[in-house]
Amino acid sequence: MPEGDTVWNTARVLHRALAGARLTGSDFRVPQLAAVDLAGWTVRESASRGKHLLLRLVGPDDERRTLHSHLRMEGAWRAYAPGERWTARPAHLIRVVLHGPDAVAVGYHLHEVALVPTAEEENLVGSLGPDLLGADWDPAEAVRRLAAGPEVTVAEALLDQRNLAGVGNLYKCEVLFLRGVWPWTPVGAVADLPGLVGLAHRLLAANRGRWTQSTTGSLHRGQTSWVYGRRAQPCRRCGTAIAKRELGERVTYWCPVCQPEPT
Ligand SMILES: [Zn+2]
């Protein structure tokens, strides 16, 4: 499940594969961009902003454009060597193919694919809160935005990318467990918001640069999380069975004892 660190890693993979490369061709399998051809365009850089991927390009006439994509739950980008078979996902999930001289980037199951003037990039991502993995990470601003909605449950507020950008279900669950906070506590009743935000930042930053997401410090299979994905398994702190609640794409795991409902 893509969270901010996964998107950050993906941006780096794309950057390594394509930065500086002049594209030899492109194939957009989304209706709104079906006629676009990026042959002759050069990839300047690949960046992430929260869960948004931004591939910045410069055209033959020095025109600047940004290819935007969002991974949501299932999206992914893969880089292949020229001639290598594209085996990561089924072909019908391919949305974008970018051919470079040394690599081919294939985007699967992407959402919100758009090509916009780079100067208008902010229109796509401007409403995002501070990016947990951005160079301009601003914890005080994240706390301020969270606190502006005191009646919202803290689990919802952490997922709202307008408050802070980068947290998905995994980090949401893990942060709340580690802080001992019941997920449905209203934000206004959370004792230490700066502590919560600071921990979210540390957990994402620790996983930057690797694909195994761990919040426990262990990279061993089955030991990488405190509560996430551990329904009915014993809490690593108190032995109580971990609980799970699912609402659409929002899934929450928590320990009923370590994260008691406020009375
Ligand atoms: Zn527990």
Of the numbered conditions (1) in a helix (DSSP H, G or I); (2) touching an Asp or Glu at 6+ places or on another chain (Cβ under 7 Å); (3) surrounded by fewer than 19 Cβ atoms within 10 Å (Cβ to Cβ), Glu120 fails exactly one; give the number of that condition.
(2)
One residue from Arg44, Arg29, Arg49 being on the phi < 0 side of the Ramachandran plot, surrounded by 16 or more Cβ atoms within 10 Å (Cβ to Cβ) and within 9 Å of the chain's Cα centre (by Cα)
Arg49
Could you list, in sequence order, all residues of the stretch 31-61 that are among the hydroxyl-bearing types (Ser, Thr, Tyr) and within 24 Å of Leu93 (Cβ to Cβ)?
Ser46, Ser48
I'd like to check something: does the stretch 2-22 contain any residue that is at negative phi and part of a strand (DSSP E or B)?
yes
Is it the case that the stretch 177-191 has a residue that's in a helix (DSSP H, G or I), more than 16 Å from the ligand (Cβ to nearest atom), more than 17 Å from Glu156 (Cα to Cα) and in contact (Cβ under 8 Å) with a residue 12 or more places away in the chain?
no
Could you say whether any residue in the stretch 160-178 is within 21 Å of Trp226 (Cα to Cα), over 21 Å from the mean Cα position of the chain (by Cα) and of a type in the set (Val, Ile, Thr)?
no
Can you give me the number of residues within the stretch 150-170 that are under 22 Å from Leu124 (Cα atoms), surrounded by fewer than 24 Cβ atoms within 10 Å (Cβ to Cβ) and of a type in the set (S, T, N, Q)?
1
Matching entry among Leu203, Leu196 (being more than 13 Å from Glu3 (Cβ to Cβ), open to solvent by less than 60 Å² (accessible area, probe 1.4 Å) and part of a helix (DSSP H, G or I))
Leu196
Considering residues that are in contact (Cβ under 8 Å) with a residue 40 or more places away in the chain and of a type outside the set (D, E, K, R), the number found within the stretch 204-228 is 11
Restricting the stretch 226-251 to residues that are within 15 Å of the ligand (Cβ to nearest atom) and in a strand (DSSP E or B), the residue that is surrounded by the most Cβ atoms within 10 Å (Cβ to Cβ):
Ala243
Take His220 and decide whether it is under 21 Å from Val187 (Cα atoms) and either away from the ligand (no atom under 14 Å from the Cβ) or under 17 Å from the mean Cα position of the chain (by Cα) (or both).
no
So the check is Cβ under 9 Å with 6+ separation or different chains; which pairs have a first residue in the stretch 144-168 that's in contact (Cβ under 8 Å) with a residue 60 or more places away in the chain and in a loop (DSSP other than H, G, I, E, B) and a second one that's of a type in the set (Ser, Thr, Tyr) and surrounded by fewer than 24 Cβ atoms within 10 Å (Cβ to Cβ)?
Gln161/Ser127; Gly168/Thr6
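The values are calculated or read from the model by the stated rules, or taken from the named source; none is laboratory data. For clarity, every value in this text was computed on a predicted model and none was experimentally measured. Neighbour counts are summed over all protein chains in view; Cβ atoms, including those assigned to glycine, are modelled from backbone coordinates with ideal geometry. Areas reflect the complete protein model, heavy atoms only, side chains present, ligands, DNA and RNA absent. Shrake-Rupley method; radii C 1.70, N 1.55, O 1.52, S 1.80 Å.
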